[in-house]
Every structure is written in structure tokens, then in C-alpha cells.
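The block underneath contains the structure these notes are about, expressed in C-alpha cells.
No lab work stands behind these numbers, since they all come straight from the coordinates. Remember, it's a predicted structure, so these values are computed and weren't measured experimentally. Cβ sites come from the backbone with ideal geometry, for glycine too, and all protein chains shown count toward neighbours.
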Amino acid sequence: MSDLDLLQIIGLLLGGLAIFLFGLQLMTGGLTAIAGARMQMLLGTLTANRFRGVLAGAGVTALLNSSTITTVLLVGFVSAGLMTVVQTVPMIMGANIGSTFTAQLIAFNLSAITPFILAAGFFLQAFAKRELMRQFGGILLGFGLLFLGIHFMGEATRPLRTFQPFIDLMQEMRNPLVGILIGAIFTAIVQSSAATLGIIIALASQGLMPLEAGIALVLGANVGTVGTALLSAIGKSAEALQVGIVHLIFNCFGVLLFVFFIPEFAELVRYVSPAAPDLQGVERFAAETPRQVANAHTIFSVASTFVLIWFVVPIARLAEYLVPAGKGEVTTPGDPVYLDESALKVPAAALKRVRLELTRLGDHVLDTVRRGRKTTVEGTIDDIGTLLEADKETRKLATAILHYIGRASRETGEDSRQMIDLAQIVTSLEGISDVVTSNLVSVCQQRLAEGISLAPLKDENTDRFARAVLDSLKQAVEAINAPDAAKAAAEVVDAKAEIDALAAAARQSIFNKLQLDEKADAVNFRLASDMIEQFKQVARFSRAIAQTAQGI
């Protein structure tokens, strides 16, 4: 084989792989746009028992066409405290089963109708008036590109049928350790077990991939596919990292169950798979092996789940032992916790992450307001410095959220209005932080300059007013992520009259304590009144947040 022939083979193989991966991306994007919200809800609710969890993980992965997305969603759930590590174990097992759906699809030889699939997908995506039909067109186009990529990779490897060094290399793959290592490394690099399976099936369709070697590569692909989930958990809570470790443990144990019985497993797969007895030699291998590889993947995943489903709790405990809680990376208030990059692929998941991060930002701002009141009344210069540092953290987190919202809005259509509402809440929370770190700090600085104290003016009336404002802000923050946001928001809006009355009572109480016949009394009254007015401004921002939360 000449260098030119080898270059052509490499070019066709890489081009076919690129087309395959692009088709997979189109399919996954369309499927997540159509079914992402429902699938996320399914993952979040079917946790009653291990068997329903397996079904949920398998169903979501088959529909979203990606076990990686499913696992990353689970990382987000655990990171948000919406699910325990134990609850994710059956779903990860199910995700492995669901991922075999793609392998079963690409094992079909649809080269004859691939051009029609591509044409139908293109025309739907380009000319359909309804968004749903355009998304369906994208799915069809991606589906056709999958088979076009497989066809190119098959054509690239056809000349290798008579290239003895390559045939010898494929025979070396029968060594399970070599095959597993290559499958794991390649899958980790391309971050897609489907791509590895696509190449295996392309080689098998040319009669170049012995089933035993294909099984070893499949086992390796199952180990390598956990890399993305582990990367998505870096920087999050220890519990989130435990989800990635669970995936790794399950796949490694599954490989150990089969690695010593690959020849026997191959015979079982041949027995249950369709045969082509009318063909001989390489032609027969080319006809039979693609489906055998796909079936081996499915049997491996189902059998591993059937064996390990009874050890859900021990697997979770092992992950917790390997990554103890509290040993994860400690973040500052300004570092985002929930803004997963991979959640951008699922609009509903991105919205959920933004709400969770906004709730975190709101809690930080609420704490800033509490500190701001104490600092204004009796704080020192050092306390002012602490408030200003808190404001820096607020700005940092707010900027991260707005940047994430901007990226997420480009991935959505119908949810863009919700993204605008969420961005408005960010600015309202920043406005509250401004009230504290600009206006209240100014009051504190004037108090310190005059050498006076506002502490003697505190009484039950001023405390009731301050508590009402803080409670209003707390309820507004809770409404951002509340199941019944309308009810929570209504309580904040309805509190306006009560807060106004309490503000008037607090101002009257302060007036009664001061004679205003001395300069110090006049300054005290002016500063205390200004403080009350700034707290009323916090209440106004709280109502704005609550009203906006009703729309998301």
C-alpha cells in the first residue's frame, strides 16, 4: 500500500468520523430541544425505587441520545441537593442501557435510503414554518449524517481487507487488555462512546473487526465515556463528584464481569444474533459482525445492570468513601456552583441552573442587607470594608449569571422571555446590594464622621419594620425557585401596605425619642430617616423580584 493510498484512507476515515459526530450533535440537539424539559422532569421524579430509576435513566438516555447528558443532569441534581447519590445509581445503570439504542441504530445498513433521509431532514429544517417541524428536520438530518459517516468510514477501510499488517493489528485486538485500553483512550478523547462504536461497526461492516476484538473495544468505550461526567463535576460539591465516580465504578465492575469470559460471551452473542449462512468468508463476517457488536453492547449493559442493581447502596457508599463529603473544592460566594456548561444543551436544565444560582445570589444579598443594617447602626470602618467585599462577591456572581443567561438564551427559542426575566432579577438583586454598599454605607460614614450613635433609637417599632423588610426579601428570593411562585410573589406584593405602615411607625417612634432642639438630634433624625427610606427601597426591589418571578 502506497503512502498516497494511506493518506486517502486516513482522510476518508477522519472525514467520516467528523460527519458522524456532527450528525450525532444534530440529533442530540433536536431531541433535547423537543424532549429535554420532559426528560429532565422524568429524571427528577422517577426515584421511588431502583427499578423505576433504571427505566428512567434508560428512557431519557435513549430519547436524548446521550448517556453523557443524562449523567451530567444527575450531577446537577445532586449538586443542587435535589437528589441523593444513592438515587442516581440506578439511573446511571439505566443510562448505560439507553446508550445502546444508538449502537443498535447504526448497526442497520441503511445506505440505500440515506440520501432520502438527508433530503427530507434538510427540507424540513430549511423550509418548515413550525419550530417543532424544523427541530424534527434537524433530527432527521443528523440521523442521515450518522449513516453517511458510517458509509465513509466503511469505504475508507475497504482497501484494508487485503492489507496484512492491519489484519494482524485487528487480530492483536483480541487481547482484551489492548482492546479495552484503546477503546477507553479513544472514547475519552472524542468524548463519545457512540463515535467509538461507529468506527467499530464501520470496520466490522468490512469484515475487518473480529467480534472478540469488537467486544474488548466496547468494554473500553464504556470506561472512557465517564470522562465527561467526571470533568463536569470538578469544582462542584463532593456529592456531585461522587455521581461521576458512581458511573466509573459501575462501568469498571461491569467490565470485570466480562473481561475474563470474552470468548464465551462472543459465542453467546453469535448465538442470539442474526446469521448469514448463505455468505462465506469476509462477506459473511461483514454481514454478521455489525449487529453482533451492537448486541454485545446491549447484553453487556443489561447484564451488568441485572447483576449490580442489587448493590446500589454499596456502590454509592464506595463512591462516598473515595470522595468524602466536605473534601470538595470550597467556593467563595461569588463563585457559581450550579452553572453547568453541559446543561446549556438542555434549555430546561439551563433555566433550572440559573434559578438555583439566583437563589444563591439572593441569599448572599439578604445576608448583606442584614449586615448592612447592623453596620449602619453601630458598625466600624472595618465593618464597612466587609460590606464592600460582600458587594464585590455579589458583582462577581451576578456577572457570571448574566453571562450564562446570555449563552443559554442562544440555545433557546420559547424560553428567551424567561431568560430576560431572570436577567432582570439579577439586576434587581444588584440594586439591593447597591442600596446597602452605597446608600447605607454613606449613612454609616456620616454617623462615624459626626461621632454619634443610632443604637439608642432602636426599639420594637424599628425592629418590626426591619424584620418585615428582611422577610419580604427572603420571600422574594424563595419565589425565584418556588413550585408555586405566584402564591409566594403575591405575599410579597401584598406586604407593601404593612411595610409602609411599619415605616411610618418607626419614623414616628424615632421622632418621639428626639427633641430636635440640638444639632446632634437633627443629625440623628436625618440619618435614621434616611436609613428607613433605604430599607423601603429594598422592599421595592423585593416586590419587583417577586413580580418578575411569577413569569418564570
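Determine, for each peptide in 266-274, 287-295, the mean count of other beta carbons within 10 angstrom over its residues, then list the peptides with the highest first. Don't skip to the end; give the middle numbers.
Details: 266-274: 14.4, 287-295: 23.9.
Taking the mean over residues of other Cβ atoms within 10 Å, the ranking is 287-295, 266-274.
The stretch between residue 49 and residue 500 holds 157.3 nm of extra length on full extension. This uses 0.36 nm per residue minus the Cα-Cα distance.
Between the range 184-211 and the range 286-314, how many Å separate their Cα centres? With the range 184-211 and the range 286-314 each reduced to a Cα centre, they are spaced 16 Å. The simple spin-label model puts a point 7 Å past each Cα toward its Cβ; for residue 445 and residue 122 those points are separated by 6.5 nm. Between the residues 501, 425, 539, the greatest Cα displacement towards the positive end of the dipole of the range 342-549, with unit charges on the Cβ of Lys, Arg, Asp and Glu, is found for 425.
Report note on the peptides 386-394, 349-357: ranked by the mean count of other C-beta atoms within 10 Å, highest first, their order is 349-357, 386-394. Here the residues 22, 261, 465, ranked from fewest to most Cβ neighbours within 10 Å of their Cβ, fall in the order 261, 22, 465. Take the Cα of residue 113, go 7 Å toward its beta carbon, and the backbone nitrogen atoms of the range 125-158 under 13 Å from that spot belong to 144. As a rough footprinting exposure proxy, the listed residues 250, 285, 127 were ranked by other beta carbons within 10 Å of their own, and the order from fewest upward is 127, 285, 250.
Going down the list 396/487; 474/496; 458/536, which pairs span over 19 Å between their C-alpha atoms? Pairs exceeding the cut-off: 396/487. Distance between the pseudo-spin-label points of residue 529 and residue 335 (7 Å out from Cα toward the beta carbon): 4.7 nm. Counting every other Cβ atom within 10 Å of each residue's Cβ, 478, 378 order from fewest to most as 378, 478. If you plug the beta carbon distance of residue 317 and residue 105 into 1/(1 + (r/R0)^6) with R0 = 51 Å, you get a FRET efficiency near 0.90.
Taking a ≥ b ≥ c as the square roots of the Cα gyration tensor eigenvalues, with a/c under 1.5 meaning rounded and otherwise prolate when a/b beats b/c, else oblate, which class fits the range 342-549?
Prolate, since a/c reaches 1.5 and a/b exceeds b/c.
Placing a pseudo-label 7 Å from each Cα along the Cα-to-Cβ vector at residue 420 and residue 270 gives an inter-label distance of 6.5 nm.
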